[in-house]
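Have a look at the structure below, then the notes.
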Amino acid sequence: MAATKKWYGKDAHDYVAACVKYDVVDRVIAEQQEDGSGELLSKVCYEYDMHDNRAKVIASITKEKTAVTQVEYNTHKLPEVII
């Protein structure tokens, strides 16, 4: 997991932390942002198909709601269907 902080003020908690999580083959499987008090601001998770195409994106819109996008690819690794 890799993390960076971007400061927007002078106080100790005046930052946004961006965290990126990778799988064993170095693909991004999750990205999230938290404020200085640890509150989750955004989170996106990724799933891949057996050909390393990003096949599903799960984005947190609010604490209760998520948006899911699925993509099906053809044999040339081009998207054919987006759901």
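The values are calculated or read from the model by the stated rules, or taken from the named source; none is laboratory data. Fair warning: this is a prediction, and the values are worked out from it, not measured in the lab. Neighbour counts run over all protein chains shown; Cβ positions are idealised from the backbone, glycine included.
If you check Val28, Val81, which single one turns out to be at pLDDT 95 or above, of a type in the set (A, V, I, L, M, F, W, C) and in contact with a Lys or Arg (Cβ under 9 Å, 6 or more places away or on another chain)?
After applying the criteria, what remains is Val28.
Restricting to the stretch 10-24, and then to whatever is without any contact (Cβ under 8 Å) to a residue 24 or more places away in the chain and out of contact with any strand residue (DSSP E or B) (no Cβ under 8 Å at 6 or more places or on another chain), can you tell me which residue is farthest from Ser60 (Cα to Cα)?
Lys10
Checking Ser37 against (1) closer than 25 Å to Lys65 by Cα; (2) touching a strand residue (DSSP E or B) at 6+ places or on another chain (Cβ under 7 Å), which test does it fail?
That leaves (2) as the condition not met.
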